[in-house]
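J.: I am attaching a structure below and will ask some questions about it afterwards.
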Amino acid sequence: MRHTVIGTAGHIDHGKSALIISLTGYDPDRLKEEKERQMTTDLGFAFLGDDITIIDVPGHEKFIKNMLSGVSTLDIGVLVVAADDGIMPQTEEHFEILQLLGVPNGLIALTKVDLVEEEWVEMVMEDIRELVKGSFLKDAPIFPISNVNGAGIPELRLAILDMAEKLPARADRGIFRLWIDRVFTIKGAGTIVAGTVLSGRIHPGEKVDLLPQGKTLRVKKLQVHNKPREECRIGERVAINLMGVDVDEIQRGDILTAPGYFQPTYMLNAKLQYLPSCKKPLKNRTRVRLHLGTAEILCRVVNLEKGDIYPGTETIVQFRLESQIAPDVGDAFVIRDYSPGRTIGGGTILETHPQKLKYLQDERIEILETIADADPEKVVEFHLKDNPQRLFTVEVVAKERALSMEEAEEVLALLVKKNRLTKFGEGANAGYVHAEEFGDTEEALKRFLRDFHAENPLRQGIKKSELKMKMFPHAENGFFNALLNEMADKGEIGIRKERIFIAGHAIEFTPEQERLKERIEKIYYEAKFVTPEFEELVVKLGAEKPGEVRNVVTGMVESGILVELGVRLGKALIFHSDRIEEARNIVLDTIREKGEAKFYELREKLNSTRKFTTPILNHFDEIGLTKRIGDVRVLREEG
């Protein structure tokens, strides 16, 4: 049988603690104050066999905060109503909380039946049926109980065991996570925390992250039901002995997780159900108490669908938190008034690190609605769609969406099969992008290049670095390179010497520019290795429009007729490409004669000056033809 966590709920003095004693033999009230006042003020714990934990919660309205910490991880809720009192304010509020947190299963215990007449019992049972109509308890059996004479206890215990036996296994994300609901110390052992394992498993010696503090700690020992364990897993109540932290550094509401999977946040997007029982609309930016896991955090509610929130409605909201928390998508929450502290709503976390927004566009609201059930397939697709200029690996998806590597790989493969994602490469370094967003980006790039060519007809293409800066300033390099390579492989763009251009594009000169090009080409060809700088070229041409000369020279460089060298030295020198090829052969022949050549020897062979020889030789070093060693050069392939 899987481990099952059961929790009580109900008004103060309705016999919740006494019921647990009757069921288990354990007294859940552990504090001296509780025993003296005979009133539960904090969470209590008892065990029914080896596989069932029962959490007792306080029924007084002053301790709802503690009650919420106890019922955040329940498999079964037991609604307790005293027959002599009937339904009371905290009966209703506790019941609303169980519904808001999505507790899936439940039973109803009608206590103190020994204090009233049978007709009264029947009347209270009718009231209870009216209360739970249409809820998860609509078909739940009601067990008349007496904690004094034991009537009904065996039947309730048997029902609990039967329900626990039939519960399906919890969906396990495979990543260890536990909300802390108790923190204490034992002499000789050190700091101990307790809670219910939400997913994954943990072993002594492993590391965990304590959040939101951001500390990485080591697990020393584990106990489940007061027994030492070498492993605890999803659904189990566990006490964890931690190393590297003092007890005053941890509090209820903190969380332990597998290292690296979760990050604290000050902002959450969520689907909120505002209770029909609320008396007035919830104003935008109202300050409330957010109960999430075992934490209580003050925050403000921003309605992302605009306007006030009316009783009985659902909407998408953003919580602006006053302190950090580290939840996961799909976590259930409850909100209460800041004062006097009445439960007013609850729902599910949709995004854990959203942008700060005043409202959402309809399209994004629809997307968030689809991931409200925290289905990993939907969550992963949304995450990649929401980050369209990133190339995701399996490991990155696993970390950022808190999935095991196996589940992340499985989900990504499924989305690729459904043509929702596009995959690049194989193995551990394979990258994934959202197919629709990637296709839109390809079309946008083609439009950009067409506009660029129209505005720059004498440029072969845009520099790769310039393209990234102008169109993809925030894109990861992996995504940018994958985009270019994919489009080049499909024949949609060309890539030549770090220039990006639309497929089929070629520089075309006008007749007038063609005549100017021929004169420029002749000048640089005849100049060999002592060439005119741009200003000298303009004078030689007698040109009245230097800008037009610059345009033609640019076109000649980009089409490969001319070559610009020495750019890194601050002032580029221009050579005819045929002459650079000639220089290449001269350098090769000179070095091959004796295995090396000094600078002055190569300068003399080129019949040039230091000013022009330097960028030519540096160019040959850069392309891997030669290698400079001290004051000589050798051939790289031979040296």
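The numbers here are math on the coordinates, done by the rules we state, and not lab data. Bear in mind the structure is a predicted one, so any value in this text is a computation, not a measurement. Cβ: placed from backbone, ideal geometry, glycine included. Neighbour counts: every protein chain shown.
J.: In whole Hz and in residue order, list the ³J(HN,Hα) couplings for the range 494-501 that follow from phi through the Karplus curve 6.51 cos²θ - 1.76 cosθ + 1.60, θ = phi - 60°; x for Gly and Pro.
T.: Coupling constants for the range 494-501: x, 10, 9, 6, 6, 9, 10, 8 Hz.
J.: Based on the Cβ-Cβ distance of Lys385 and Lys227, what FRET efficiency does E = 1/(1 + (r/R0)^6) give at R0 = 45 Å, to the nearest 0.05?
T.: Rounded to the nearest 0.05, the efficiency is 0.45.
J.: Take every Cα pair under 8 Å in the chain that's 6+ residues apart, average their separations, divide by the length, and report that relative contact order as a whole percent. Provide the component values of the computation, followed by the final result.
T.: Values: 1225 pairs, mean separation 47.1, N = 639.
After rounding, I find 7 percent.
J.: Suppose every Lys and Arg Cβ carries +1 and every Asp and Glu Cβ carries -1, with no other charges. What dipole size does the chain come out with about its Cα centre, to the nearest 20 debye?
T.: 2620
J.: I need the calculated FRET efficiency for the pair Tyr26 and Glu406, taking r as the beta carbon distance and R₀ as 41 Å, to the nearest 0.05.
T.: It comes to 0.60.
J.: Hey, another quick one. Going highest first, how would you order 412-419, 615-622, 522-529 by mean Cβ packing within 10 Å?
T.: Put in order of decreasing packing, that is 615-622, 522-529, 412-419.
J.: Okay, moving on. If N is the number of residues in the chain, what value comes out of its Cα radius of gyration divided by 2.2 N^0.38 Å?
T.: 1.43
J.: Between Lys133 and Met469, what is 0.36 nm times their sequence separation minus the Cα-Cα distance? Round to one decimal in nm.
T.: Residue separation times 0.36 nm, minus the Cα-Cα distance, leaves 114.9 nm.
J.: Are any of the pairs Lys385/Lys446; Lys378/Lys417; Lys446/Lys497 more than 23 Å apart by Cα-Cα distance, and if so, which? Intermediate results must be reported in sequence, preceding the final value.
T.: Details: Lys385/Lys446 21 Å; Lys378/Lys417 14 Å; Lys446/Lys497 19 Å.
Among Lys385/Lys446; Lys378/Lys417; Lys446/Lys497, the Cα-Cα distance tops 23 Å for no pair.
J.: List every residue whose amide H lies under 5 Å from the amide H of Asn105, counting only residues 5 or more places away in sequence or on a different chain, with H placed 1.01 Å from N in the peptide plane.
T.: Counting only residues 5 or more places away or on other chains, the set is Gly77.
J.: What nm distance separates the two modelled labels at Ile495 and Glu455, each placed 7 Å from Cα along Cα→Cβ?
T.: 2.4
J.: Measuring from a point 7 Å past the Cα of Lys598 along Cα-to-C-beta, which residues in the range 616-634 have an amide N at less than 16 Å?
T.: Under cut-off, by backbone N: 629-634.
J.: Run the numbers for Val416 and Lys571: contour at 0.36 nm per residue of separation, minus the present Cα-Cα distance, in nm. Mind dumping the intermediate values first?
T.: Numbers: separation 155, 0.36 × 155 = 55.80 nm, distance 4.96 nm.
Extra length from Val416 to Lys571 when fully extended: 50.8 nm.
J.: Can you put Ile12, Ile335 in order, fewest other beta carbons within 10 Å first? Can you show the working numbers first?
T.: Details: Ile12 19, Ile335 27.
By the 10 Å Cβ count, ascending: Ile12, Ile335.
J.: At a Cα cut-off below 20 Å, give the lysines reachable from Lys517, other chains included and same-chain residues fewer than 8 away excluded.
T.: Within the straight-line limit of under 20 Å, Lys517 reaches these lysines: Lys528, Lys540, Lys545.
J.: Could you tell me the calculated FRET efficiency between Phe184 and Tyr338, based on Cβ-Cβ distance and R0 = 25 angstrom, to the nearest 0.05?
T.: The pair Phe184/Tyr338 has a calculated efficiency of 0.25.
J.: Additional query: Run the simple label-point estimate for Asp114 and Asp578 please: 7 Å along Cα→C-beta, distance reported in nm.
T.: Result for the modelled spin labels: 11.5 nm.
J.: What is the order of Val288, Val81, fewest Cβ neighbours within 10 Å to most?
T.: Details: Val288 20, Val81 27.
Least to most surrounded, the residues fall as Val288, Val81.
J.: Using alpha-carbon positions, what is the distance between the centroids of the range 298-337 and the range 472-501, in Å?
T.: Spelled out, the Cα-based centre of one part sits 41 Å from the other.
J.: Pulled fully out, how much extra length does the chain show between Ala430 and Phe448, if you take 0.36 nm times their separation in residues and subtract their Cα-Cα distance?
T.: Result for the pair: 3.7 nm of gain on full extension.
J.: Please list, by residue number, every one of the GluC sites (Glu not before Pro) in the range 192-247 that is coil in DSSP and has at most 11 other beta-carbon atoms within 10 Å.
T.: Glu230
J.: What spacing in nm lies between the two simple spin-label points modelled at Arg515 and Arg628, each 7 Å away from Cα in the Cβ direction?
T.: With each label placed 7 Å out from Cα toward Cβ, I get 4.4 nm.
J.: Also: Just to be sure I understand: of the beta bridges DSSP finds with both ends in the chain, what percent are antiparallel, rounded to 5?
T.: Just about 85 percent of them are antiparallel.
J.: OK, next. When Phe262, Phe448 are ordered from fewest to most other Cβ atoms inside 10 Å of their Cβ, what list results?
T.: Phe448, Phe262
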